[in-house]
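A short worksheet on the structure shown next.
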Amino acid sequence: MAENVGGVIREWIQRNVHNYPLEDKAGEVERLVKELEAYLLSLGYTRDEAEDYLGDLDVYVEDQFEQVQDPDLGFKDPRD
């Protein structure tokens, strides 16, 4: 089950974490975490289950968000 929740989160991140103005980073990360947590609950996963597999959800989403913000990492907005 842990690997399933990890895959669900990675797919959600790819669909929902995009490049945003840096001045909005904290608010955007908070919004993303809330949406991800609600999505996981709708699938029957708890935040604790997600964090058992990936670690702190806030940190994980922020790390993913920062990759989108760093052009040197080559992460592109899927909407482009």
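The values are calculated or read from the model by the stated rules, or taken from the named source; none is laboratory data. Values in this document were obtained by computation on a predicted structure and should not be read as measured data. Every residue, glycine as well, gets a Cβ built from its backbone with ideal geometry; the counts of neighbours run over all protein chains shown. The protein model used for the area step is the full one, side chains on, heavy atoms only, and it has no ligands, DNA or RNA in it. Shrake-Rupley method; radii C 1.70, N 1.55, O 1.52, S 1.80 Å.
Taking the stated definitions as given, is E49 touching a helix residue (DSSP H, G or I) at 6+ places or on another chain (Cβ under 6 Å) and either under 18 Å from G6 (Cβ atoms) or open to solvent by less than 30 Å² (accessible area, probe 1.4 Å) (or both)?
Judged against the criteria, E49 is a match.
Name the residues in region 24-46 that are surrounded by 14 or more Cβ atoms within 10 Å (Cβ to Cβ) and in contact with a helix residue (DSSP H, G or I) (Cβ under 8 Å, 6 or more places away or on another chain), would you?
K25, E28, V29, L32, V33, L36, E37, Y39, L40, Y45
Filter region 52-64 down to residues that are open to solvent by 50 Å² or more (accessible area, probe 1.4 Å), out of contact with any helix residue (DSSP H, G or I) (no Cβ under 6 Å at 6 or more places or on another chain) and within 16 Å of N4 (Cα to Cα), then give me how many there are.
Result for region 52-64: 1.
Which count do you get for residues in region 7-23 that are open to solvent by 80 Å² or more (accessible area, probe 1.4 Å) and without any contact (Cβ under 8 Å) to a residue 40 or more places away in the chain?
So the answer is 3.
Which condition from (1) assigned to a helix (DSSP H, G or I); (2) open to solvent by less than 70 Å² (accessible area, probe 1.4 Å); (3) at pLDDT below 70 is the one that D72 breaks?
Single failed check for D72: (2).
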